[in-house]
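Structure first, then comments.
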Amino acid sequence: MDVSMTTPLQSPPVAPARANAALVVLGVATFSYVTVEVLPIGLLTVIAADLGRTESQVGLLVTGYAAVVVLASLPLTRLTYRLPRRRLLAATFGVLAAATLVSALAPSYPVLMASRLVVAASQALFWSVAPPTVTGLFPPAVRGRVVARLAIGTALAPVLGIPAGTWLGQQAGWRTSFAVLAGIGALLCAAVAVLLPERAATDGGLATGSTPDRRGYAVLVAGTAIGVTGFLTFNTYVTPFLLDVGGFAPTALGPLLLVSGVGALAGTLAVGTVLDRRPRAALMTPLVLLTGALLGLYALGWLRPVAVAVLAVCGLSFSALAVAVQNRTLQIAPGSLDLASAGVSSAFNVGIAAGALLGGALVDQLGIRSVALAGGVLTALALAILLAEPWLPRRLAALRPATGAATPPDAQPVG
């Protein structure tokens, strides 16, 4: 992408080449963080055997990681609100590199868990700070495309990063995979220190959203949490669903998950073409598709061609939804964009955890097929909430969404 820079409020203009290079670096960072978060699942048995732990205990390496992201996003973002972005992101990647190296060298399960939680804290801060920082380097007319291109790394991680890390860990030991990710973190630290301009937290015209809206932000957070819960109610148990309802052989699971991953990449690329022109439609359409896909799996998941096609739609829709939510946050954040992004990140992770818990309860009580129905009902509810936002009582505008996530500690309310 080659776009002209606008003059920030307090800093000299950023050269297009430098801004685009910074975007690439932060896109690689999204790829790295998603890979390092989920990789233990692919290496479950290998790590368990090496450390003498059960597979469920190794699974807690991912559960605990997600919990830290939820709990640390807002406090860390508030704590670092006034720090210049370049130094803050360089320090974040330094923590990623150091803590992941400790993971690779961990002599015991407690050390591995502790190092993972430190990485999770750095990820919590990264997701809050990176999108507002990089979009602030570009003019408003193309910021939707910037958000989508930043998310390409997120979409590529399940398709390339996790399979590659799993393969490498199986061939050369799980520690090798973590060591490689630590090396990538060190390169990111150096690259962002060179490429990202030195700016204050409120510099670049992105201290708040372009059209601040407290009510809209509160509704967005609620709709995001419910929608993500719906998708994860199904997606956490997609493997047993495909085996038991779809009747697929275990050997088909890899290609099927690849179909979903390719769909996710396609969704990220597709939504980027409409975010700047029709941001609200870009937010609603993925939820419509996701609801139809989940209900379709409930009704016709036993038909294999339908299951494959709908699985691709699920990946496409959820990926597009994640990008559209971030873009909408940049538009309507009523205060600090970093804190607003932290609130949305927390909503995503709450949805991930709630979906896993709800799906597990449904599988135990009603059977595996019920997760698709429940997921579709919840995404439909999220769609209804977002569609109803223009008609909700104006008194919602007085609420402080996400426990004041959108307003910095010493900032005056907007609007």
- prompt: Local charge sum around THR92 (other residues, Cβ-Cβ under 13 Å, Lys/Arg +1, Asp/Glu -1)?
  reply: +2
- prompt: What does the helix-only formula give at 222 nm for the chain: each DSSP H stretch with n ≥ 4 adding -39500 (n - 2.57), the total divided by the residues, and the result rounded to the nearest 500 deg cm²/dmol?
  reply: -25000 deg cm²/dmol
message: Using the Cα centre of segment 199-332 as the reference point, and only Cβ charges (+1 on K/R, -1 on D/E), how large is the resulting charge dipole? Debye, rounded to the nearest 20.
response: 300
query: Counting Lys +1, Arg +1, Asp -1, Glu -1, what net charge surrounds PHE241 among other residues with beta carbon under 15 Å of its beta carbon?
result: 0
For THR30, net neighbour charge (Lys/Arg +1, Asp/Glu -1) across residues whose Cβ lies under 15 Å away: 0
- prompt: Tell me, what is the percent relative contact order of segment 254-344, built from C-alpha pairs under 8 Å that lie six or more residues apart?
  reply: 41
field: segment 165-290 - percent relative contact order, Cα under 8 Å, separation 6 or more
entry: 11
- request: Work out the length of the dipole vector of the chain about its Cα centre, built from +1 on the beta-carbon of each Lys and Arg and -1 on the beta-carbon of each Asp and Glu, and round it to the nearest 20 debye.
  value: 760
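Test of understanding: what is the full-extension gain from ALA388 to ALA15, defined as 0.36 nm times their sequence separation minus their Cα-Cα distance? Present the calculation step by step, with values, prior to reporting the outcome.
Values: separation 373, 0.36 × 373 = 134.28 nm, distance 4.15 nm.
Computed gain between ALA388 and ALA15 is 130.1 nm.
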field: Förster radius 25 Å - calculated FRET efficiency between ASP364 and ALA67 (Cβ-Cβ, nearest 0.05)
entry: 0.70
- prompt: Which whole-number percentage describes the relative contact order of the chain, with Cα contacts under 8 Å and a sequence gap of 6 or more?
  reply: 24
- prompt: So which helices of the chain fit the span-like rule, where a helix is a whole DSSP H run, its Cα atoms reach 24 Å or more along the axis, and its mean Kyte-Doolittle is at least 1.6?
  reply: 174-195, 253-271, 370-388
query: Say R0 is 30 Å: what FRET efficiency, to the nearest 0.05, do ALA281 and ALA309 get from their beta-carbon distance?
result: 0.85
- request: Using +1 at the Cβ of each Lys and Arg and -1 at the Cβ of each Asp and Glu in segment 35-180, identify which of ALA91, MET113, GLY64 lies farthest towards the dipole's positive end.
  value: ALA91
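The numbers here are math on the coordinates, done by the rules we state, and not lab data. Treat the numbers as computed from the prediction; the structure is a model and nothing was measured. Here Cβ is always computed from backbone atoms with ideal geometry, including for glycine, and neighbour counts include all displayed protein chains.
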